[in-house]
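Participant: A single structure is presented below for examination.
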Amino acid sequence: MTKLEDKFWDAAIKEAVTGKQPPNQADQILLRLEIPDLGPPKPEAAPKGRVIRLRLFVEVAVAAAALVAIGILTGLIPIGGTEAGNEPTPAPEGQHFASAPGTKFERIDDRIELMDGWLLVTTGAPEVHCEGSVLNKVDGRVLAHAGGAPSDEQAEAAASWLKANNLEMGMIKDAKRWIQAAGMAALVLAGSAYLDGQRIEAQEDTGTAEAKWHVVRTVMDIDRLPDDAKYVQGTYLKGPHLEFLATHKQIERLDIRGIRDLSAENLSVLKELPALTYLDLRDASWSGRIQYASLGGLKSLTELKLDYPDTASSEEVDLWGTYIQPLRAMAERKVQVTIGSADEPDGTALGELLANVGTIVSLDLFGNGKLTDADFKQVANYPALKELGARDVKGLTELGLAYLAEANKLEKLALDLRLGEAIGYQLQKMTRLVAFEYTFPASTGPSGLYTSTKPTAETLGQCLPKMTGLRHLSVPMLAIVEMDWPERLELETLEILGDSYSGRQGLHDPTDAQRIRVLSGSARCALHVRLDLRIEPLVRDAETGLIDFEGIGHGKTDADDFVAAVKALKPSDRAKSLDIRLTGFGGARLDGREIRSWTPDQFAKLPGLDSLLDHFTGLTTLRVGWNSQSADKVDAPLAEALRASAEKHKLKLETSH
């Protein structure tokens with residue numbers, strides 16, 4: 001026993017025996033240890049039955065209880081943190097907050113000023129302030145960290161304290177679970193709280209969202225699929241690859257969007273996948289006659305995505321026998337169908353499809369030049385449809401939109417009509433609309449360019465707050481900039497689109513980021529950013545420090561400004577996906593070589609992209625699209641380089657070209 005402990009027990013026993021008490025310093029000790037004053041204990045009811053009065057025993061018990069209490073207050077009995085020779089223990093039930101070792105904070109009246117480190121707060125805790133952010137109204141259990149979400153190194157440094165408070169390290173290191181505000185990050189472990197005025201709640205795990213997708217592009221990749229690979233995405237696959245995929249009986253979801261040289265025989269082998277529930281065939285190119293009849297062999301299928309046949313490029317398409325009839329059979333089995341591209345059908349053909357296939361939940365009419373407002377009446381009255389893409393539909397006006405608003409069945413809409421009072425009126429009537437994507441029209445006059453986006457942006461800014469069910473919004477950055485000052489919305493996701501009309505991309509400077517934060521409202525809103533970038537700076541070493549954006553009237557942007565804009569999102573881990581459109585292939589040169597002459601090593605070096613991805617620490621998905629160049633000389637090596645970069649940053653990669 002140490003001298004300090006000897007002195008403690010001597011003083012405590014003397015106090016218990018003589019009845020003499022030292023000066024009451026509990027207030028000072030409580031203030032120093034930051035333990036809230038819980039007030040006097042509640043009176044207990046008198047015990048019933050016989051009471052044996054043993055004065056000495058009672059006095060000893062009281063003395064023992066006093067010793068434990070004094071030991072806690074003086075720090076000889078730890079309540080958290082680490083003392084020499086002791087393992088850290090969790091804070092007691094009655095305490096409303098606990099701090100990790102090394103945490104810097106100050107108790108001021110009814111709040112806690114957190115300067116650095118960690119706080120674990122529970123129901124009844126005082127407000128926590130940090131660099132302008134406020135965490136309050138805790139109803140449950142919340143972990144707060146000063147600044148941003150903790151790094152792996154910071155989490156490891158506090159491992160003993162986290163373990164003592166029953167906090168799982170894997171969850172702490174998962175950046176997607178942290179909710180970021182201006183001055184601190186919060187992880188809701190149970191219940192709810194308010195962070196900077198926005199309600200935040202504990203997140204529930206969802207198997208589909210967290211499921212791992214395995215990407216394959218060769219037979220070797222397919223052969224090396226693990227036995228538990230249930231979600232498979234194919235890139236640059238050809239129809240014959242399906243024969244090898246069909247040997248992996250465990251596959252449940254298969255995304256082969258963009259598959260080439262597909263035939264009916266190739267498609268028929270998928271019946272060997274007994275667990276297959278999801279199949280994406282959009283953007284497929286056929287080596288012969290289009291034929292979907294073999295899809296009938298997929299007995300477990302519940303979700304199918306495919307395009308409307310391109311009748312203009314193939315005279316042999318039998319719409320009824322090879323397309324509508326097989327889909328009708330699928331609909332009878334309650335398979336949900338997504339039509340990914342329907343720019344071909346006129347009103348009659350579309351009517352035949354809708355009349356015979358009753359489970360179409362999503363329809364994309366992008367670029368359709370044959371439909372009229374009258375045709376949208378039958379679209380509006382189709383009972384199963386939840387999502388509609390109506391961008392660049394030449395025959396759509398406010399009348400067709402009125403049919404859709406009157407039916408009020410859509411949950412997702414993509415639109416590019418020039419907004420005015422009449423269009424805005426119809427949008428506000430769509431009270432079931434959860435997701436809305438708006439882009440400026442491709443052309444508005446002889447010049448082919450939008451001469452003034454301000455009126456449309458102002459109308460959009462007036463409409464959005466009145467679309468009360470809206471939770472997912474996709475708009476160009478220019479629209480946000482020209483809304484005057486955007487009104488706060490309660491969004492779950494905000495996608496920032498690039499636009500080629502003004503040249504203003506998704507993020508340009510910190511002011512843009514501030515507007516994004518205001519518009520997105522909720523601290524839990526996930527951002528999805530789309531950028532138009534030239535290919536050359538992503539491959540070469542960015543010696544100039546410039547990021548070369550494609551766009552009219554907007555050439556090169558200083559990389560430091562762009563990074564400042566990204567960091568102004570507080571932090572960038574709110575961004576969950578990055579969608580890049582690569583351009584500038586024709587003018588791309590490296591060491592005097594045009595892009596078709598680049599070596600694999602030149603494609604493999606993507607310092608510009610890696611640097612960009614480093615600033616989006618919470619990303620889960622990277623999408624890259626470009627106009628196809630040369631399949632072997634450009635498309636394949638570029639895809640391989642992108643794949644390597646995605647794997648380095650642990651991202652799901654989606655490519656299209």
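The values are calculated or read from the model by the stated rules, or taken from the named source; none is laboratory data. The model shown is predicted, which means the values in this text are computed figures rather than measured ones. FYI the Cβ positions are ideal-geometry reconstructions off the backbone, even for glycines, and counts take in every protein chain you see. Surface accessibility is based on the protein's heavy atoms, side chains included, excluding ligands, DNA and RNA. Shrake-Rupley method; radii C 1.70, N 1.55, O 1.52, S 1.80 Å.
Participant: Can you tell me the order of 385-393, 362-370, 194-202 when each peptide is scored by its average per-residue count of other Cβ atoms within 10 angstrom, highest first?
Facilitator: Numbers: 385-393: 20.8, 362-370: 19.0, 194-202: 17.4.
Highest mean packing first, the order is 385-393, 362-370, 194-202.
Participant: If I compute solvent accessible area with a 1.4 Å probe over the protein chains, what percent of it on the range 273-358 is carbon and sulfur?
Facilitator: That share works out to 43 percent.
Participant: Tally Lys and Arg at +1 and Asp and Glu at -1 over the other residues with C-beta under 15 Å from the C-beta of LYS249: what net charge comes out?
Facilitator: With Lys, Arg at +1 and Asp, Glu at -1, the net is -2.
Participant: Something else now. How many angstrom lie between the Cα centre of the range 317-384 and the Cα centre of the range 614-657?
Facilitator: 32
Participant: Let me ask you something else. Mind scanning LYS176/LYS652; LYS212/LYS249; LYS412/LYS576; LYS334/LYS466; LYS173/LYS576; LYS271/LYS334 and naming the pairs with a C-alpha gap bigger than 25 Å?
Facilitator: Where the Cα-Cα span goes over 25 Å, the pairs concerned are LYS334/LYS466.
Participant: Quickly rank 338-347, 423-432, 101-110, 181-190 as a protection proxy: mean count of other C-beta atoms within 10 Å, highest first.
Facilitator: On the way: 338-347: 19.2, 423-432: 17.5, 101-110: 13.4, 181-190: 21.2.
Per-residue Cβ counts within 10 Å, averaged per peptide and sorted highest first, yield 181-190, 338-347, 423-432, 101-110.
Participant: What shape does the range 95-157 have by the C-alpha gyration tensor, where a ≥ b ≥ c are the square roots of the eigenvalues, rounded means a/c under 1.5, and otherwise prolate means a/b greater than b/c and oblate the rest?
Facilitator: Verdict is prolate for the range 95-157.
Participant: Quick check: residue separation of MET171 and SER656 times 0.36 nm, minus the Cα distance between them. What number comes out in nm?
Facilitator: Values: separation 485, 0.36 × 485 = 174.60 nm, distance 3.34 nm.
Using 0.36 nm per residue and subtracting the Cα-Cα distance, I get 171.3 nm.
Participant: At 1.4 Å probe size, with every protein chain present, just tell me what the per residue accessible area of the range 255-387 comes to in Å².
Facilitator: The answer is 42 Å² per residue.
Participant: Also, I was wondering about something else. Multiply the residue gap between ASP310 and ASP139 by 0.36 nm, knock off their C-alpha separation, and tell me the result in nm, one decimal place. Numbers along the way, then the final one.
Facilitator: Numbers: separation 171, 0.36 × 171 = 61.56 nm, distance 5.62 nm.
Extra length from ASP310 to ASP139 when fully extended: 55.9 nm.
Participant: Residues with beta-carbon under 15 Å from that of ARG432, excluding ARG432: net charge, scoring Lys, Arg +1 and Asp, Glu -1?
Facilitator: Around ARG432, the charge tally is +3.
Participant: Between SER151 and ASP228, what's the calculated FRET efficiency when r is the beta-carbon distance and R0 is 35 Å? Round to 0.05.
Facilitator: Efficiency computed from Cβ-Cβ geometry: 0.70.
Participant: Please turn the phi angles of the range 624-636 into ³J(HN,Hα) values with the Karplus equation 6.51 cos²θ - 1.76 cosθ + 1.60 (θ = phi - 60°), one per residue in order, whole Hz, x for glycine and proline.
Facilitator: With the stated coefficients, the range 624-636 comes to 10, x, 7, 6, 3, 9, 10, 3, 8, 8, 10, 4, 5 Hz.
Participant: Counting only other residues whose beta carbon sits under 14 Å from that of GLU265, what net charge do I get with K and R as +1, D and E as -1?
Facilitator: 0
Participant: At a Förster radius of 22 Å, what calculated FRET efficiency corresponds to the Cβ-Cβ distance of ARG328 and LYS386, to the nearest 0.05?
Facilitator: Given R0 = 22 Å and the Cβ-Cβ separation, E is 0.65.
Participant: Once both labels are modelled 7 Å past Cα along the beta-carbon direction, what's the ILE108-SER300 spacing in nm?
Facilitator: Roughly 6.0 nm, to one decimal.
Participant: Would you mind putting 397-408, 473-484 in packing order, based on average other-beta-carbon counts within 10 Å, highest first?
Facilitator: The most tightly packed comes first, giving 473-484, 397-408.
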